[in-house]
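Reading through the structure tokens given below for one structure.
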Amino acid sequence: MSQSNSLAVSSGHLAPGTALRRAPFRHLKEKLIEFVLLGAALVAVFTTIAITVVLVYESLGFFEFVSLWDFLTGTVWTPLFAEPNYGVLPLISGTLTVTAIALAVAVPMGTTIAIYLSEFAPHSVREVVKPLLELIQAVPTIVFGYFALLFVTPLLQDTIMPGLAGFNMLAAGLVIGIATVPTIASLSEDAMRAVPMSVREGAYALGAHKLGVAWKIVMPSAISGVIAAYVLAAARAIGETMIVAIAAGQNAVFTFNPTEGAATLTAFIAQVSLGDLPHGSVGYRSIFACGLVLLVMTLVLNVIGHVLRRRYREAY
Amino acid sequence: MVTETSSPVFPGGATEPVVPPVAKAQVHDLNFFYGELRALKGISIPIYKHLVTALIGPSGCGKSTFLRCFNRMHDLYPNTRYDGRIVLMPDNVNILHREVDPIEVRMRIGMVFQKPNPFPKSIFENVAYGLRVRGIRNRAVLTDKVEEALRGAALWDEVKDRLAELAFNLSGGQQQRLCIARALATDPEILLFDEPTSALDPIATASIEELIADLRSKVTILIVTHNMQQAARVSDYTAYMYLGELIEFDRTQTIFVKPKKKQTEDYITGRFG
Ligand SMILES: Nc1ncnc2c1ncn2[C@@H]1O[C@H](COP(=O)(O)OP(=O)(O)OP(=O)(O)O)[C@@H](O)[C@H]1O
Ligand SMILES: [Mg+2]
């Protein structure tokens with residue numbers, strides 16, 4: 001295949017009557033490129049497999065001491081106590097609550113910004129706002145963490161929620177939401193801009209208004225990319241560590257009440273990795289079990305995203 | 001706004017049809033600009049009611065640009081400017097006027113594009129879209145209208161059992177007829193076609209041409225085509241354009257059999273260039 005191609009191509013550049021040259025190394029070069037690309041892909045696959053294997057292996061050590069059932073159904077998480085309890089539900093409730101608040105902020109805001117940038121904003125505005133959004137993504141999350149703790153929580157206390165605890169999931173969730181807005185806005189906008197102009201023209205030609213075209217035509221056309229953006233944002237919110245560790249306290253409580261403080265899976269992992277528990281102890285091993293839970297949650301999220309995309313699939 | 005004579009004079013004294021045609025729209029000295037580029041240069045022609053007018057000419061001569069003035073499509077893009085008038089009858093209103101809402105214009109003048117562009121919705125919702133835009137919510141009315149439009153586009157028999165299916169599942173020719181049905185559902189007064197068959201095979205093309213011929217009784221049609229035989233087959237009047245100018249406008253028969261301009265003749269007979 002590549003051989004005949006190369007002959008055909010080179011013949012085009014030759015004067016009539018010149019013999020066709022062979023290109024013996026082209027085949028080799030293509031093989032080499034293919035090999036390098038395959039290698040790059042394999043690195044990604046192997047890394048994922050290695051992470052999974054380590055998590056499962058280390059978790060098995062943990063589950064020798066704590067039953068899987070107690071771990072999954074227990075509502076008390078006190079690995080640091082003399083009489084430790086290893087019920088993971090408080091960490092899961094914390095993670096889910098914070099993620100839900102974050103998405104409640106990021107999805108509507110991110111989508112609105114994406115629609116505005118893609119369908120309404122003049123070229124000059126988009127050229128300014130897009131890089132700004134990407135800049136927000138570059139801000140270290142520890143900055144956002146202290147923003148939540150030292151600005152958002154006091155603001156909430158001074159205005160609408162006087163009794164709010166100093167450490168709370170609400171501020172953490174809101175700020176994670178703000179931090180993930182650019183992810184959703186930027187990726188969704190890319191997806192919307194990829195919708196061919198001809199489809200928009202089809203709707204305008206029928207007398208549609210701009211907002212109707214954006215919402216009823218462009219949005220469904222881009223839904224695959226938009227859902228991918230939501231899933232990525234959710235994954236980032238679940239995995240977010242610093243903001244919750246700083247703003248929500250590190251006190252694992254089984255609650256879905258956003259005004260209370262709580263710990264999340266990642267916040268706990270960070271806390272333990274920083275040296276609160278001796279290496280090799282049961283408590284230390286619990287972080288691998290938590291890691292495994294995170295992995296499963298992310299997996300579930302991706303499956304949901306996949307199902308949604310299939311359900312609302314379109315052809316662009 | 002200027003009143004137009006409803007029975008126009010035929011250029012060059014062509015044989016008049018038994019019933020003189022009535023103008024549905026009159027284009028007056030139309031110029032169009034993409035930024036600095038003057039893409040249309042002082043075009044004036046009538047568009048006759050319930051007849052098919054074909055626009056022909058070499059690539060880049062401004063056929064699409066001209067067509068898209070009729071539904072103010074250029075308003076969607078910055079740095080474009082109309083100059084001149086398209087007077088729609090019987091209202092006697094210049095639809096290019098700044099104060100005329102382009103959406104009102106598009107409510108009455110439909111368009112079918114070169115490439116089928118169905119929406120990411122079901123077959124039913126594709127056809128119902130224009131009706132929903134017009135505020136029609138009543139399910140029975142929608143169902144009736146959709147069926148009528150699909151029948152009008154000769155697509156009903158093929159899709160009546162799969163109305164809930166995604167429109168992308170249809171073949172290219174079916175998609176194009178769906179787009180025609182979508183435009184028909186809104187009862188347009190003028191229907192604009194921009195090379196509607198250029199992405200289709202000969203059989204699908206034949207069925208669309210047949211459809212256009214049938215539609216003439218209900219709606220005024222303006223069609224851009226690259227295909228000379230197609231212009232000859234489907235149209236009653238033909239306008240030949242070159243480099244943004246109107247070279248000749250006459251009855252299709254005259255244009256193809258006895259054009260007045262050498263330039264037109266060269267193009268028709270393929271000696272163009
Ligand atoms: N969006 C645009 N911006 C600037 N110039 C344009 C634009 N669209 C078209 N033109 C120019 O206007 C002229 C007319 O283009 P138009 O698309 O109307 O030609 P056409 O007759 O429809 O050609 P074709 O048969 O290839 O479709 C061309 O010179 C083209 O380059
Ligand atoms: Mg064109």
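I need the fraction of alpha carbon pairs in chain A separated by more than 28 Å, rounded to a whole percent.
Details: 27974 of 49770 pairs.
The calculated P(r) of chain A puts 56 percent of pairs beyond 28 Å.
Rank-order A:148-156, A:76-84, B:105-113 by packing density, defined as the average count of other C-beta atoms within 10 Å over each peptide's residues, highest first.
Details: A:148-156: 17.7, A:76-84: 14.2, B:105-113: 23.4.
So the order, starting with the most tightly packed, is B:105-113, A:148-156, A:76-84.
Hey, which lysines would be in cross-link range of B:LYS121, C-alpha to C-alpha under 21 Å, not counting anything within fewer than 8 residues on its own chain?
Of all the lysines, those that pass the test against B:LYS121 - Cα under 21 Å, at least 8 places apart if same chain - are A:LYS210, A:LYS216, B:LYS145, B:LYS160.
Using the number of other C-beta atoms within 10 angstrom as an exposure proxy, rank A:LEU211, B:LEU178 with the fewest first. Intermediate results must be reported in sequence, preceding the final value.
Details: A:LEU211 11, B:LEU178 25.
Ordered by Cβ neighbours within 10 Å, fewest first: A:LEU211, B:LEU178.
What nm distance separates the two modelled labels at A:ASP158 and A:MET197, each placed 7 Å from Cα along Cα→Cβ?
Here the answer is 4.9 nm between the modelled labels.
What nm distance separates the two modelled labels at A:LEU68 and A:PHE46, each placed 7 Å from Cα along Cα→Cβ?
3.0
Arranged by the count of other C-beta atoms within 10 angstrom, fewest first, what order do B:VAL22, B:VAL133 take?
Values: B:VAL22 16, B:VAL133 21.
If I rank by nearby Cβ atoms, fewest first, I get B:VAL22, B:VAL133.
Per-residue mean of other chain beta-carbon atoms within 10 angstrom of the beta-carbon, peptide B:116-128? Numbers along the way, then the final one.
On the way: counts 2, 9, 3, 9, 16, 5, 0, 0, 0, 2, 1, 0, 0.
So the per-residue partner count for this stretch is 4.
For helix A:89-115, report the angle its Cα long axis makes with the longest principal axis of the Cα atoms of chain A; keep it between 0 and 90° and round to the nearest 10°.
Here the helix axis deviates by roughly 40 degrees.
Using only the Cα atoms, work out Rg/Rh for segment B:132-273, with Rh taken as the Kirkwood radius, to two decimals.
On the Cα set of segment B:132-273, Rg over Rh gives 1.06.
So for the protein assembly as shown, what are the equivalent ellipsoid semi-axes in whole Å, largest first, each being the square root of 5 times an eigenvalue of the Cα gyration tensor? Write out the running numbers ahead of the final one.
On the way: eigenvalues 789, 191, 98 Å².
They are 63, 31, 22 Å, listed from largest to smallest.
Between segment B:88-138 and segment B:53-71, what is the C-alpha centre distance in whole Å?
19
Go ahead and run the numbers for FRET between A:ASN85 and A:VAL300, Cβ-Cβ distance against an R0 of 41 Å, rounding to 0.05. The partial results should precede the final answer.
Working: r = 25 Å, r/R0 = 0.62.
Efficiency for this residue pair is about 0.95.
Quick one: check the C-alpha center-to-center distance for segment A:51-117 versus segment A:241-298, whole angstrom.
Value for the Cα centre distance between the two parts: 7 Å.
Hey, fewest Cβ within 10 Å first, where do B:GLU125, B:GLU189, B:GLU210 land in order?
Ordered from fewest to most neighbouring Cβ atoms within 10 Å, B:GLU125, B:GLU189, B:GLU210 come out as B:GLU210, B:GLU189, B:GLU125.
Readers should treat all values here as calculations from the given coordinates under stated rules, not as data from a laboratory. Model, not experiment: these values are computed from the prediction. Every residue, glycine among them, receives a Cβ derived from its backbone with ideal geometry; neighbour counts consider all protein chains shown.
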